[in-house]
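Asks: Handing you a structure now.
The values are calculated or read from the model by the stated rules, or taken from the named source; none is laboratory data. Predicted model only: the values in this text are computed from it and were never measured. Every residue, glycine as well, gets a Cβ built from its backbone with ideal geometry; the counts of neighbours run over all protein chains shown.
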């Protein structure tokens, strides 16, 4: 045992036993994790799903998710998906606003967080072992070396979805005034609101695919017989853009009070064009402030070199 300890100390440094125990612990976690996640079918659950036993908790759980025989992560759904309805709805809405509408989006999102976190932990552990083999490493530095890659891997899917959500909302905001103008032209030409929405979705496909997908989904759901008010409110919730929410409110109120849709669209499209101009003016007004630092860093040093450089050269030449 002393010889083994001496060899480990020579290879891994003075903290060889701590590193060895940590590596064994990580290995055991990786080995036992698939066993813990494995979930066999319970005969009682099959009876409940066939309707022989009515259970309110099971019924509530079935509403949160739909089983699919083709999904390999279905047996891990109780671990990879939130069991609370509010948390499940919040994650689902965030993924919808980012453009991920698949039935298994939440499951895949949590699976990527777990996988990348474990992968980062393994990479950090290996790098920590390499650093300790090169010399003595402090405990705080060792902990940061292991935890930073794990935290980065775990948070990367969340950052990606948040970034994708912001980019998609910005694209919808930029394309919405053009969609309103085109919709107004279609309505004034004699088409109904449903036909106008479908035409807008086709015409804007090349320029603004995100808002085109939303309008296409509205048209398809309306054709399927879903209530128009519910369809429009669902679109506003999926987009998460204040302009879309206000537009849906205008259409719902116009439908409820029996006012002209073309007049409502004309007034609202004019307002959206004004807002787009104001957003452009706001960005233009911010530009000088953002360019001040870059201008100072890139302009002042060359200018000083041009103005003072010859004098400094002459002074140094006279002194030498």
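Asks: Answer yes or no as to whether residue 305 is assigned to a helix (DSSP H, G or I), surrounded by 15 or more Cβ atoms within 10 Å (Cβ to Cβ) and at pLDDT 85 or above. Lay out the reasoning, then the answer.
Replies: Values: assigned to a helix (DSSP H, G or I): yes; surrounded by 15 or more Cβ atoms within 10 Å (Cβ to Cβ): no; at pLDDT 85 or above: yes.
Considered against the rule, which asks whether it is assigned to a helix (DSSP H, G or I), surrounded by 15 or more Cβ atoms within 10 Å (Cβ to Cβ) and at pLDDT 85 or above, residue 305 comes out as no.
Asks: Can I ask one more? Hey, among 109, 100, which residue is part of a helix (DSSP H, G or I), crowded, with 17+ Cβ neighbours inside 10 Å and in the same structural domain as residue 148 (by TED's automatic domain parsing)?
Replies: Working: 100 fails: part of a helix (DSSP H, G or I).
109 is the lone residue from the list that is part of a helix (DSSP H, G or I), crowded, with 17+ Cβ neighbours inside 10 Å and in the same structural domain as residue 148 (by TED's automatic domain parsing).
Asks: With the requirement that a residue be surrounded by fewer than 20 Cβ atoms within 10 Å (Cβ to Cβ) and within 21 Å of residue 252 (Cβ to Cβ), what does region 200-218 give you?
Replies: Selection gives 216, 217.
Asks: I'd like to know if region 135-155 contains one or more residues that are outside any helix (DSSP H, G or I), surrounded by 15 or more Cβ atoms within 10 Å (Cβ to Cβ) and either at positive phi or outside the structural domain of residue 239 (by TED's automatic domain parsing) (or both). Can you show your working first?
Replies: Looking only at region 135-155, we keep the residues that are outside any helix (DSSP H, G or I), and these are 135-138.
Still in the list and also surrounded by 15 or more Cβ atoms within 10 Å (Cβ to Cβ): 137.
Filter once more, keeping what is either at positive phi or outside the structural domain of residue 239 (by TED's automatic domain parsing) (or both): 137.
Yes, because at least one residue in region 135-155 is outside any helix (DSSP H, G or I), surrounded by 15 or more Cβ atoms within 10 Å (Cβ to Cβ) and either at positive phi or outside the structural domain of residue 239 (by TED's automatic domain parsing) (or both).
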